[in-house]
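Notes follow once the structure below has been shown.
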Amino acid sequence: MLKHPEITKGRLVRFASELKAVLYPRSVALEKLETYAAPGRIAYAEAVKGKFRPAKVGERFGPGWSTHWFRIGYAVPKEWAGEEVLLHFDSSSEGCVWRDGVPIQGLTSYNWGPEEIRSHYTLAAKAKGGERGVFYVEGAINGMFGLSDGGGRTQDEALGHLRQARLVTRDRLAWDLMWDFAVIKEMAERLPADGLAQGPALTAANEIVNTVVLGDRSTYAAGRAIAKKFLAAKNGDRTHHVSAIGHAHIDTAWLWPLAETMRKCYRTFSTAVLMMDTYPEYKFVCSQAQQLAWIKVQQPALYAKLKEKAKTGQFVPAGGTWIEPDCNIPSGESLVRQFLAGQRFFKREFGSYCEEFWNPDVFGYSGALPQILRGAGIEYFLTQKLSWNQLNRPASSTFQWEGIDGSRVLTHFPPTDTYNAVCTVEEIQKHITNFKDKERAAESYLLFGFGDGGGGPTEEMVERLRRMKNVAGLPEVAMRTPREFFKRCDENLKDPTVWSGELYFELHRGTYTTQAANKRDNRRSEELLHDVEFLSFLARSLKGAKYPQAEINGLWETVLLNQFHDIIPGSSIREVYEDSDKDYARVLGSAGKLREEALAKVVPAGNGKGKNVLALNTLGWPRREVASLGGKWTFAEAPAYGYTVAAPAAAPAAPVKVTLGKNGFTLENGLVRAKFDGQGRLVSFLDKREADGGRETVEAGKKGNQYVLFEDRPERWDAWDTDIYHLDKRTDVDAVKALRVVGDDPLRATVEVEMTVSAKATLTQRISLSAESPRLDFEAEVDWREKDRFLKVEFPLALRSDYATFEIQFGHVRRPTHFNTTWDFARFEVSAHKWADLSEPAYGVALLNDSKYGYACHGNVLRLSLLRAPKSPDPEADMGVHRFRYALYPHANGPQLGGVIPEAAAFNQPLQVSATGAAPGAKGFFASTNPAVVIDTIKKAEDSDDLVVRLFESHGAHQNATFRSAFPIAKAAKVNLLEEGGKAVPVGKEGIKLALRPFEVVTLKLALKKG
């Protein structure tokens, strides 16, 4: 070879293309090709009975989302005896080969370009010649990303085009030569020119070109011999080790509905099984229990194959969760249930729990997660999403992630920055270059395979990996399961770095707000299931009623499904939310019925009619609040986790007063006075409890309860993103149409404000103040028809702090109110649950909500995100009428000692009151002596009649508390989140004494005394 490396590289590219052209030397038309336009996503048994008609190559099938079945009759020519025979079928869609009622292999041939991902199916590895047969191909007329490319580009005219349908032979010798050559060629192209391996790779590749005469098979073996010699050169002892695992990140819903996901699953998993038969070293990971549960019910024969491959170690269940959940919006208990449902499924079906949390595509990770993972038997965590960060990329690839309670999990970010690697030398080279911990580790993970509709890894990927296993110039590469990789990683890692707190994702901040109704229904479902479990346990314990375990678990699984990381964030197509709306309606309806059935057995007889008031409290603090009964206001109170029957309360010592004038209105009680201008904006909120005439909470000269309409045109990813520049272009809403007093009761007064938000949105707001409460309530109804706009409400507060506090699962986090660094700047929009708070050491104000998750606090302005109007992927996202509530809550001290946590919980779950004829009395069933220790969940144990109680420390401080139960406890144990293991804890006369570290979650399993 003369010294002309760049010219030689061009020669190699041409040779590779010409070599590919000789892979399939023979072809023959199918004996029969017929098609049937199915009425939908029907089962195989129904499809084969359909009316088939002749079809031909070149035909176009449609429309999008339709299904067309193909009946294929074939005859292998006798002269093909000894040849490898394949079906070549390219329908520009997602397809699946079916034989004898079982899905055998997926066919994905449409990827927004001419390249086929998977369009061959092997009929015979070594044909006898003369074989004949009939089988079916199911064609789903959609691509990997539904009817778009995943970035907003819609269906093009090539979708559904039958481009090829024939039998071909594959020249296995040419195939093997091609992958030998491909790896060596890529090493010549991608390795550093000043390294020791690039030159020899270029020489070997050029020598193969000089030796092989394409079309003359007698020269192929000599070419392979050259490759074998080159690839036989091994690495040294200090090489980096890349573990690889086959993967198909199947979004449980996104640009396609759930029904299509079910088909994506059997197309993908059947392909994986077939690949395992061909490549014994091949391993494939599946991370979502829900998808396997679908396969178990819908495709039992395929499921049996998966279980067999799991026994050989090739099919690898992983992740531990029901689906790959969003980690910002679900409650703490929801995240616990993700693992409880997922881990129990994996243990029941595959014999063991997962040790790793596998969630590579989620839009940020709560600081509560490490503790939850540890409690669910998870030691390791894998993601790569933070490689997308706009400003600050992760500083480590492998590190210890420390949660808000101090729990740690070993965490790995695959340095290729993708979960869809295709195993090229270029990727392997990036993998090593991008690995950030070379001084402390030599182990990393490569996730390869086409996701969603791509069917996972291809033969080409595995062939490349075989040749890169241990060759000088590249790291050592081997297939390993997640458990194998993390064990090696843990043993190899020296002096790991530690990241403390949340893993904030610097992108997709709009997902805290998009699809508001979906987020509302999620929260209502979480709350209702909480109540159902508590009341059902009481009904069982008090009256011997059957605990509806199966029904409750089924409802929880539906909620968990809809917490998938492209459903609840709001980033799916319209059809997904139509399905989700139905799911939530079923959950809320069924859970509501279960709640009423249990409640009827718990409270005294006579509920529904009578002169007394029954107040039910399903939270862990005693409460007294104003409630509505029969259209009238009354005081109601109840102990923690209990109820009270009492006569209607007398008028308050300091009734609420409302004054409406020309320039606005005032609401006042004995604790606070709120003044509003004529636009419904809060100009003064005086806390009269504070000394020296009270404390003003609104910044002088500013206005709170200010609705603001921002132009919201992100650079890309409409439903996902809101970029920081949206804050630059704002319109203050001040077009009030009417102000009127609609409630003037000593216990509660309300003023209604009608306003025009824009030409495409109107808002009616009810602002209320109750007796004996400093909380100022806002209830809004918005008719929202906007486009590319973001509605928020803001409160400029007379407070100063470098940090604001935001509720997350099982605790809270502090985030900066300034933009000192790029890390601060990136968090211009953040997620929170029921409250956010701005406090000085001795005083603060919290902004509560009943269904929102997006907040911001810049300087002294606390802002709640209300509604967005993106147009992709769902052009109807958030269009319609919305109802939501928020509240302003002033308090002494910080949010912990200021009562923000119980107040926000009560705002979301008011006392449930009804008339009753029962005699006065009160009954509390469970309580914590320390209000900082929250009793979060009361339920029956999964596998016994024991009681499970979940508590957590909510202030971020070491606490002592006693858990008290109205039911005598025979024995008690602290267990993990899977309700297993356990350490006995003593039960004293006063209850169970507990010592908790900051934000610790404790799960107790209690055996109650009989009788």
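The values are calculated or read from the model by the stated rules, or taken from the named source; none is laboratory data. No experiment lies behind these values; they were computed from the predicted model shown. Quick reminder, even Gly has a Cβ in these numbers, built from the backbone with ideal geometry, and neighbours come from all protein chains shown. Quick note on the areas: whole protein, heavy atoms, side chains included, nothing else; ligands and nucleic acids left out. Shrake-Rupley method; radii C 1.70, N 1.55, O 1.52, S 1.80 Å.
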Any chance the stretch 848-855 includes a residue that's touching a Pro at 6+ places or on another chain (Cβ under 8 Å), under 30 Å from ARG574 (Cβ atoms) and in contact (Cβ under 8 Å) with a residue 12 or more places away in the chain? no
Within the stretch 318-328, can one find any residue that is more than 30 Å from LYS834 (Cβ to Cβ) and assigned by the TED database to the domain that holds GLY101? yes
Residue check: is THR817 within 23 Å of ARG730 (Cα to Cα) and either out of contact with any Pro (no Cβ under 6 Å at 6 or more places or on another chain) or modelled with pLDDT under 95 (or both)? yes
Does GLY620 fit the bill of being in a strand (DSSP E or B), more than 27 Å from the chain's Cα centre (by Cα), of a type outside the set (Phe, Trp, Tyr) and not assigned by the TED database to the domain that holds ILE935? no
Given (1) open to solvent by 50 Å² or more (accessible area, probe 1.4 Å); (2) without any contact (Cβ under 8 Å) to a residue 12 or more places away in the chain, GLU637 misses just (2)
Do we have any residue at all in the stretch 733-741 that's within 37 Å of the chain's Cα centre (by Cα), farther than 16 Å from SER768 by Cα and at pLDDT 95 or above? yes
Restricted to the stretch 322-340, and to residues that are in a loop (DSSP other than H, G, I, E, B) and among the polar types (S, T, N, Q), which residue is surrounded by the most Cβ atoms within 10 Å (Cβ to Cβ)? ASN328
Where a residue in the stretch 479-501 is under 22 Å from GLY367 (Cα atoms) and its partner, wherever it lies, is modelled with pLDDT of 95 or more and of a type in the set (A, V, I, L, M, F, W, C), with Cβ under 6 Å and at least six apart: ASP490/LEU410; PRO496/PHE399; THR497/PHE399; TRP499/PHE399; TRP499/TRP401
Would you check if there is a residue in the stretch 107-125 being outside any strand (DSSP E or B), more than 38 Å from the chain's Cα centre (by Cα) and at pLDDT 95 or above? yes
What is the number of the single condition among (1) within 24 Å of GLU829 (Cβ to Cβ); (2) open to solvent by 50 Å² or more (accessible area, probe 1.4 Å); (3) free of Cβ contacts under 8 Å to residues at least 40 places away in the same chain that ALA759 does not meet? (1)
If you go through the stretch 340-359 one residue at a time, how many are touching an Asp or Glu at 6+ places or on another chain (Cβ under 8 Å) and over 21 Å from VAL813 (Cβ atoms)? 6
Quickly run through the stretch 965-987 and pick out the residues that are more than 19 Å from PHE534 (Cβ to Cβ), among the small types (Gly, Ala, Ser) and at pLDDT 95 or above. ALA970, ALA973, ALA984
Matching residues, the stretch 682-709, being open to solvent by 40 Å² or more (accessible area, probe 1.4 Å) and in a loop (DSSP other than H, G, I, E, B): LYS688, ARG689, GLU690, ALA691, ASP692, GLY693, GLU699, ALA700, GLY701, LYS702, LYS703
Working carefully through the options ASP744, ASP718, ASP712, find the one that is over 18 Å from ARG885 (Cα atoms), open to solvent by less than 10 Å² (accessible area, probe 1.4 Å) and not hydrophobic (A, V, I, L, M, F, W, C). ASP712
Please list, ordered by residue number, the helices (runs of 4 or more DSSP H) wholly in the stretch 159-270 having 3 or more residues that are closer than 30 Å to ARG440 by Cβ and among the acidic types (Asp, Glu). none
May I ask you to verify whether ALA640 is assigned to a loop (DSSP other than H, G, I, E, B), at pLDDT 95 or above, of a type outside the set (Phe, Trp, Tyr) and touching a Ser or Thr at 6+ places or on another chain (Cβ under 8 Å)? yes
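To keep it simple, each residue is scored yes or no on (1) more than 38 Å from the chain's Cα centre (by Cα); (2) farther than 30 Å from ALA37 by Cα; (3) open to solvent by less than 20 Å² (accessible area, probe 1.4 Å).
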position: VAL168; (1), (2), (3): yes, no, yes
position: PHE181; (1), (2), (3): yes, yes, yes
position: ILE184; (1), (2), (3): yes, yes, yes
position: LEU191; (1), (2), (3): no, yes, yes
position: VAL212; (1), (2), (3): yes, yes, yes
position: PHE230; (1), (2), (3): yes, yes, no
position: ALA233; (1), (2), (3): yes, yes, no
position: VAL242; (1), (2), (3): no, yes, yes
Every residue from the stretch 530-588 that is acidic (Asp, Glu), surrounded by 18 or more Cβ atoms within 10 Å (Cβ to Cβ) and touching a Ser or Thr at 6+ places or on another chain (Cβ under 9 Å): ASP531, GLU533, ASP566, ASP583
Which of the strands (runs of 3 or more DSSP E) contained wholly in the stretch 840-905 include at least 1 residues that are out of contact with any Cys (no Cβ under 9 Å at 6 or more places or on another chain) and under 18 Å from GLU696 (Cβ atoms)? 843-849, 861-868, 880-892
Selected residue (only one of ARG574, ARG509, ARG540, ARG520 is touching a His at 6+ places or on another chain (Cβ under 9 Å) and of a type outside the set (Phe, Trp, Tyr)): ARG520
Going through the stretch 14-59 in order, the residues found to be assigned to a helix (DSSP H, G or I), in contact (Cβ under 8 Å) with a residue 12 or more places away in the chain and closer than 17 Å to VAL213 by Cα are PHE15, ALA16, GLU18, LEU19, LYS20
Restricting the search to the stretch 828-860, which residues are touching an Asp or Glu at 6+ places or on another chain (Cβ under 8 Å) and open to solvent by 30 Å² or more (accessible area, probe 1.4 Å)? LYS834, ASN860
Sort through GLU402, GLU439, GLU459, GLU426 and tell me the only one that's open to solvent by 10 Å² or more (accessible area, probe 1.4 Å), free of Cβ contacts under 8 Å to residues at least 24 places away in the same chain and not small (Gly, Ala, Ser). GLU439
